[in-house]
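**Student:** Following this message is one structure expressed as structure tokens.
Nothing in this text is a laboratory measurement; each read-out follows from the coordinates by a stated rule. Nothing here was measured: the structure is a model prediction, and the numbers come from that model. Cβ sites come from the backbone with ideal geometry, for glycine too, and all protein chains shown count toward neighbours.
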Amino acid sequence: MTSKNSKKVLMVLAHNNFRDEEYSAAREKLDSIGATVTTASTLTHDAAGSQGMRLNPDMMIDDVNPDDYDAVVFIGGTGASQYWHDVKAHEIAKSLDQAGKVVAASSHASVTLAVAGILKGKKVTGHVAIYEKLQIIGAEYTGSKLEVDGNIITSSGANAAKEFAEALGKALS
């Protein structure tokens, strides 16, 4: 009997200005439960976090097949706005949501899910700077640190990185 979790998780992060703490906390939790994590961005080299983290994503977002994953996690930070109107990001979010799989977003990344059309009528949170964008699209913005509504997990940002990571771990364990 293996202790390895068979869950495959896609983490999508901006090439510039993703939030380091949101990525690190979620990644550590996913690794600790044995999930297989793949990172995707618009380039596969030198992604830069807003707090100085550097990493090389595993793949280009355009090469992602949503059917290969049990969950997607959109990492926040101001750079997350690059996916707000990204057709591929929306395709990934919608595909996993329609399959009832975990779809998560932290901070500014919640807007990507809203524009993709999967937050209407859902209790969600995100960075306070984007609450109007969520409300306009029909989401019920709560302002809480963390919201879990069905298969959708959202957090307010770096201040909720630990809670976000714990919710991901619980949803995928």
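**Student:** Assign unit charges at the C-beta atoms only (+1 for Lys and Arg, -1 for Asp and Glu), then state the dipole size of the stretch 72-173 relative to its Cα centre in Debye, rounded to the nearest 20.
**Tutor:** 80
**Student:** Rounded to the nearest 5, what % of the DSSP beta bridges within the chain are antiparallel ones?
**Tutor:** 20
**Student:** Also, quick follow-up: Compute the distance from the alpha-carbon center of the stretch 151-170 to that of the stretch 68-123, in whole Å.
**Tutor:** Centre-to-centre (Cα) distance: 14 Å.
**Student:** If the only charges are +1 at each Lys and Arg Cβ and -1 at each Asp and Glu Cβ, what is the size of the charge dipole of the chain around the Cα centre, to the nearest 20 debye?
**Tutor:** Using only the charged Cβ atoms, the result is roughly 320 debye.
**Student:** Take the Cα coordinates of the stretch 67-166, assign each an equal point scatterer, and use the Debye formula without solvent to give log10 I(q)/I(0) at q = 0.16, 0.23, 0.25 Å⁻¹.
**Tutor:** -0.54, -1.19, -1.42
**Student:** Right, next: Taking Cα pairs under 8 Å and at least six residues apart, what relative contact order does the chain come out at, in percent?
**Tutor:** Here the relative contact order equals 22 percent.
**Student:** Restricting to DSSP loop positions (anything but H, G, I, E, B) with no more than 12 other Cβ atoms inside 10 Å of their own Cβ, which trypsin sites (Lys or Arg not before Pro) remain in the stretch 90-173?
**Tutor:** On the way: sites: 94, 101, 120, 122, 123, 133, 145, 162, 170; in loops: 101, 120, 122, 145.
Loop-located and lightly packed - 120.
**Student:** Assuming R0 = 25 Å, can you tell me the calculated FRET efficiency for the pair residue 123 and residue 54, based on Cβ-Cβ distance, to the nearest 0.05? Present the calculation step by step, with values, prior to reporting the outcome.
**Tutor:** Working: r = 35 Å, r/R0 = 1.39.
For R0 = 25 Å, the calculated efficiency reads 0.10.
**Student:** List the residues, sorted by chain then number, that are 5 or more residues from residue 7 or on another chain and whose placed amide H is less than 5 Å from its amide H.
**Tutor:** 36
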